[in-house]
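What follows is a short report on a single structure.
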Amino acid sequence: MPDKDHIKSVEKCFVILDCLHTNRHLPTLEEITQITGYKKTTCFRLLKTMRTLGLVELLPGKKKYRYGPRLAALGLSALKNMNLSQSALPILQQLRDETGETINLTLLSGSEILYVERIMSDYLVNVNVNVGDRLPVYCASMGKVILAFLSESQLEQVLSTVDFIPKTEKTIVSRTALLKELEQIRANGFAINDEELEKGLRAVAAPIFNYTGEAFAAANIAWTTARHPDRAAFAEYAKKIVAAAMQVSRLMGYTQEK
C-alpha cells in the first residue's frame, strides 16, 4: 500500500540533487531531464523552486546547475553534529596552541574545498576566510592533498570540472603541472602552498582518511611570510600536520594496514 504521507515532489527534488552530486560535470536542464526521466517542465519547476530556496544555483551564461549556498549551509550544520568536527577539534586546537598558527579543516566539495573548522591564531594579520567558504582545489594545500589520495576515477571526475585560473604568479595553471605535483604529494604524504593562492600566504596540509581508506577531508597549518620568511617552517609544520591528521583519521576508523 502506498504511504499517503509520502510526498513525491520532495523525493523528486532529492533525485535531482543526486544528479548534481554523482554527475561527472555540472549538468544542464536537458541532462537532468535525461538522467532522471522526469518531464522537462517538471525538472524546470523543481529547479526553479530550489533556486528560490538557495538549494541550487544556475551558473550565469552556462545554463549549468550546481549546489547553492543554502544547501552548503545545511550540510555544514549537519556536519557540526557529525564525528569529524567533534573528533578533530581538540586535536587541531592543541596544534594551534603548539604552533601559534591558524589551523583549518576542510572537506572536498566538487572541484572546491569547503571550510568546516577554522581555529585562528592570535596574530592580527590573518587570511579573510570563514567557515562555510570555498576555495578551488588546484591552488589550495588542502585541495591538492585530497586530490593526491583520491582514486584514479575520483580524481578524473574532479579534474574534469576544474578551470585553472591564476591567483598569483605561482599558481598551478595546467592539468599536467598539477598531476606532476600530485605525484610528489603522494610520495611526501603532505602538500604545501607557497603563495599560490595569495601572495605572502603559505600552508602545509595533510589528508584525513575514513574507515574505508578514502581521503575525504584535510587539515592544514597556515602562516604568513612576514612571520616565517624562510622555508624552514614547511619541514617543521609538515611533521606536525601529518601527525595530527593521522590522529583524526584513526578516530574516523582508518587503519594504515587497509
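The values are calculated or read from the model by the stated rules, or taken from the named source; none is laboratory data. Remember, predicted model here, so these are calculated numbers, not experimental data. Counting neighbours? That spans all protein chains shown, and the Cβs are built from the backbone with ideal geometry, glycine included. What goes into the accessible areas is simple: the full protein's heavy atoms, side chains included, and nothing from ligands, DNA or RNA. Shrake-Rupley method; radii C 1.70, N 1.55, O 1.52, S 1.80 Å.
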Problem set entry | Some residue of region 190-206 being free of Cβ contacts under 8 Å to residues at least 12 places away in the same chain, among the charged types (D, E, K, R) and over 22 Å from ARG96 (Cβ atoms) | no
For this session: Run down ALA226, ALA243 and say which single residue is surrounded by fewer than 17 Cβ atoms within 10 Å (Cβ to Cβ) and free of Cβ contacts under 8 Å to residues at least 12 places away in the same chain.
Result: ALA243
Exercise. Out of all the residues in region 121-156, which are open to solvent by 20 Å² or more (accessible area, probe 1.4 Å), in contact with a Ser or Thr (Cβ under 9 Å, 6 or more places away or on another chain) and of a type in the set (S, T, N, Q)?
Worked result: ASN126
Exercise. Which one of ALA187, ALA191 is buried (at least 19 other Cβ atoms within 10 Å of the Cβ) and either among the aliphatic types (A, V, I, L, M) or in contact with a helix residue (DSSP H, G or I) (Cβ under 8 Å, 6 or more places away or on another chain) (or both)?
Worked result: ALA191
Exercise. Can you find even one residue in region 222-244 that is in a loop (DSSP other than H, G, I, E, B), farther than 20 Å from ILE113 by Cβ and within 21 Å of the chain's Cα centre (by Cα)?
Worked result: no
For this session: Give region 166-189 a look and list any residue that's of a type in the set (S, T, N, Q) and touching a residue at least 12 places away in the same chain (Cβ under 8 Å), or say none.
Result: THR168, THR171, ASN188
For this session: Could you list, in sequence order, all residues of region 97-120 that are within 28 Å of GLN157 (Cα to Cα), more than 9 Å from the chain's Cα centre (by Cα) and open to solvent by 20 Å² or more (accessible area, probe 1.4 Å)?
Result: GLU117, ARG118
For this session: Filter region 12-21 for residues that are modelled with pLDDT of 85 or more and open to solvent by 70 Å² or more (accessible area, probe 1.4 Å) and give the result.
Result: PHE14, ASP18
Seminar exercise, completed: For region 246-258 the number of residues that are within 16 Å of LEU92 (Cβ to Cβ) and open to solvent by less than 100 Å² (accessible area, probe 1.4 Å) is 5
Exercise. Out of (1) in contact with a Leu (Cβ under 6 Å, 6 or more places away or on another chain); (2) closer than 22 Å to LEU20 by Cβ; (3) of a type outside the set (A, V, I, L, M, F, W, C); (4) open to solvent by 60 Å² or more (accessible area, probe 1.4 Å), what's the single condition that is false for LYS167?
Worked result: (2)
